[in-house]
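Reviewing the structure listed below.
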Amino acid sequence: MVALAGLDHLEKLLAVVKSDGLDSVFSEGVPNGGQRSDVQNVSFQTYQEPLRSLQCSLVESKLCMAALDAIKARLAKKIRKMQRRCAPLVLEDGIQRIPDEILAHVFEAGHQMSAHSQFALRLSHVCGRFRRVSLRTPLLWTRLSSEHPSDQTEAYLTRSGQMDLQVTLSDHPGDEFRSSLQLMGTHSDRWSRLLLLMDPDDQEIFEEVGLAHFPRLRSIFYHGNVEPTGLQWAMPSLSQFEGFCSPFPLAVSFSFLLQLTSMEICFKDYASFDMTSLAHVLYNMSNLRNLSLEFQSCDAVDFDANLAPDTPKPQSFHIDSLKVTFGGSVALDLVKSLYAVLEYLVPSRVDISLLTHGDLHNFLTSAGILSYSSTIGLQFGFRCNLLLTIYLLLQNCKALRSLRIERSDFNAVAYMRPQWPHFPNLRHIQFYDCIMHEKNVEPMVRALLRCEDLESLEFISCHKISEDCLLNLHDIVGDRLTWGL
């Protein structure tokens, strides 16, 4: 057994605390609660009172602290061990107390948070109770895939009841694929989301197995070029289209475009992008409400004026949201051509992510899509000039009321300006997950909040800025400055 230095002194101190209380023991000017120290130190004998007693009390207090530190370290280690042992037992006990009906809702939430079809299988293999509850929860079994073996597909179809199905087709057509498609096709009236990851040239197999009517299909994800004969199905409920490298052919009519309310497409690695085709598609979407376009590494743009559709009037079509993302190397001519195509839109909210190389501010110049938007979100992939950005927005966005800049870094010198432009309509500015250097934040906050029309300036989860800095600024500028770190 190893002796613990100072333990006797600590026991004596705790006894006094127990009898006299904390306030009595640690009141100022009363060493050890008025108890005489039993520390023996020859060097203190020559001191006069009260120095002698104070020195003895100081040494005794340090001995108590050393004992406390040793005990605290051991106790903290024990607590960590006990917590590690208790955590799974507490979790197990909590799960056992949850009624089956609530547990089923938890499973459904987990299903919604995952994207693959293996969640249900893994869940059903945890324990007997999980299996019973999962088998009685149809939603967990609604994701089918052409890669599943036939017995798994049959089990999923049975367990899913009459719920909507998500179907993923990714194999090259063959006997197994054909058999799987025919099996899933017997429930095509329940298909609600279809992910087409197969070669577009192979989609003729749908006609071969007699699949052309999908009454509950609401969403399609499409990989690759849309073929002239593709997607010519009856889909009365379709409202969402997502695509990856999915341009539509010219001079081909796709009736489902008229009913789409949401479109999200990513175009990647194009030596020359056909903007004419995209314009035809967008101008045919008379019910569009939400549009998201992403361009990654597009070196040039091809816009054939002879084939271009009639351009709608600028700012003539209202939608809820528009999101545009540029990444990698994107030609500035493509950006300008895209802005010209989109100029007919009046989005309530615009989000632009500039994750590309080059002068980022060129991507905001002449952006007519920003002119009539009341809410704008920006993200920059490289360090930029914040003051110049705001000036560009001021020139292009007369209706801007709310600005959100996220996941961005700014030139540390360029936005240290004592005066900022006046924003006649701007009411809210939020910086989210940005790098904000304290030495530049203070002049920016002071200058922006000199404008009385600005109702709030908010910093959420920003880096390199402390709460002390924001508290000090809040004392100066008031409640219009808010934050969450």
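Here, each number is a calculation from the coordinates, and none is a lab measurement. Nothing here was measured: the structure is a model prediction, and the numbers come from that model. Cβ placement follows ideal geometry from the backbone for every residue including glycine, while neighbour counts extend to all protein chains displayed.
List of remarks:
- Peptides 104-116, 261-273 ranked from most to least packed, by the mean per-residue count of other Cβ atoms within 10 Å: 261-273, 104-116.
- Considering only His213, Val252, Ser272, the residue lying farthest towards the positive end of the dipole of the range 175-299 is His213, judged by Cα position with unit charges set on Cβ.
- Structure note, pairs Lys268/Lys464; Lys323/Lys464; Lys323/Lys398; Lys18/Lys72: Cα-Cα distances above 23 angstrom occur for Lys268/Lys464; Lys323/Lys464.
- Percent RCO, i.e. relative contact order, over the range 55-143, from Cα pairs under 8 Å lying at least 6 residues apart: 22 percent
- Computed label-point distance, nm, for sites Ser53 and Leu250 using a 7 Å Cα→Cβ extension: 10.2 nm
- Sites His474 and Arg136, calculated FRET efficiency, Cβ-Cβ separation with R0 41 Å, nearest 0.05: 0.20
- 222 nm mean residue ellipticity, helices alone, for the chain (DSSP H n ≥ 4; -39,500 (n - 2.57); rounded to 500): -11000 deg cm²/dmol
- Taking the range 404-485 and dividing mean pair separation by its residue count, relative contact order in percent (alpha carbons under 8 Å, at least six apart): 32 percent
- Here each label is just a point 7 Å from Cα along the line to Cβ, and for Arg450 and His187 those points are 6.6 nm apart.
- Nearest-20 debye value, the chain charge dipole, Cβ charges on Lys, Arg, Asp, Glu: 1920 debye
- Applying 1/(1 + (r/R0)^6) with R0 = 41 Å to the Cβ-Cβ distance of Ser466 and Glu264 gives a FRET efficiency near 0.60.
- For the chain: rounded, prolate or oblate by the Cα gyration tensor [a/c cutoff 1.5]: oblate
- Backbone N within the range 445-461 under 18 Å of label point (7 Å from Arg401 Cα along the Cβ vector): 452-458
- Contour excess over end-to-end distance, with Cα ends at Arg74 and Met163 and 0.36 nm allotted per residue: 26.5 nm
- Degrees, to the nearest 10: 332-342 long Cα axis against longest axis of the chain: 70 degrees
- Close amide H contacts of Tyr270 (hydrogens built in the peptide plane, cut-off under 5 Å, sequence separation of 5 or more or a different chain): Cys298, Asp299.
- Overall form of the range 404-485 per C-alpha gyration tensor (a/c, 1.5; a/b vs b/c): rounded
- Between 0 and 90°, nearest 10: helix 467-477 axis offset from the chain longest Cα axis: 80 degrees
- Helix 7-20 axis, angle to the chain major axis (alpha carbon atoms, nearest 10°): 90 degrees
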